[in-house]
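Trainee: Here you go, one structure.
The values are calculated or read from the model by the stated rules, or taken from the named source; none is laboratory data. Quick caveat, the model's predicted, so the values are computed rather than measured. Glycine also receives a Cβ, built like all others from the backbone with ideal geometry; neighbour counts cover every protein chain displayed. Note: areas computed on protein heavy atoms with side chains; ligands, DNA, RNA excluded. Shrake-Rupley method; radii C 1.70, N 1.55, O 1.52, S 1.80 Å.
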Amino acid sequence: QVQLAESGGGLVQAGGSLRLSCTASRIIFSIISMGWYRQAPGKQRELVATITSGGATNYEDPVKGRFTISRDNNKNTVYLQMNSLKPEDTAVYYCNSHPIAALGWGKGTLVTVSS
């Protein structure tokens, strides 16, 4: 069974930065498009950013220009560099495959941005 492990979350002030990591096990990671998703309190989970197996990236409007997704296929890891964080970025962040989140959800990593 595929396992996803997210890490790197924490408490940060508005304007600060965090770098999230997600490591996948038991899959041929390099051929899978991956995405970062987030779920804020009381809201549905939403897509944040995606990266294809070839490294092409795409971002949802709320994070464009502030977040950067990248991957290291040798480490089976996808990253999310988050800069200029805002209180509305507060959420639990998850990674999964894209466009279909087919790998089963990990526990996520909590990001809290204080104003």
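Trainee: For Ile32, Ile100, Ile69, give me the order by solvent-accessible area with a 1.4 Å probe, most accessible first, ignoring ligands, DNA and RNA.
Mentor: Per-residue accessible area, sorted high to low, gives Ile100, Ile32, Ile69.
Trainee: Only bridges with both residues in the chain count here: give the DSSP antiparallel percent, nearest 5.
Mentor: In the chain, approximately 90 percent of DSSP beta bridges are antiparallel ones.
Trainee: Still on this structure, I have one more. Could you compute Rg(Cα) / (2.2 N^0.38 Å) for the chain, with N its residue count?
Mentor: Output field value: 0.98.
Trainee: Moving on. In debye, nearest 20, what is the charge dipole magnitude of the chain about its Cα centre with +1 on Lys and Arg Cβ and -1 on Asp and Glu Cβ, if you could check?
Mentor: Roughly 160 debye, rounded to the nearest 20.
Trainee: Please give the peptides 106-112, 23-29 ranked by average Cβ packing (other Cβ atoms within 10 Å per residue), highest first, as a rough proxy for protection.
Mentor: The packing order, highest mean first, is 106-112, 23-29.
Trainee: Right, another one. Rounded to the nearest 0.05, what FRET efficiency is calculated for Lys43 and Gln1 with R0 set to 25 Å and r the Cβ-Cβ distance?
Mentor: It comes to 0.35.
Trainee: Subtract the Cα-Cα distance of Ala14 and Lys107 from 0.36 nm times their separation in residues, and report this length gain in nm to one decimal.
Mentor: Gain in length upon complete extension: 31.1 nm.
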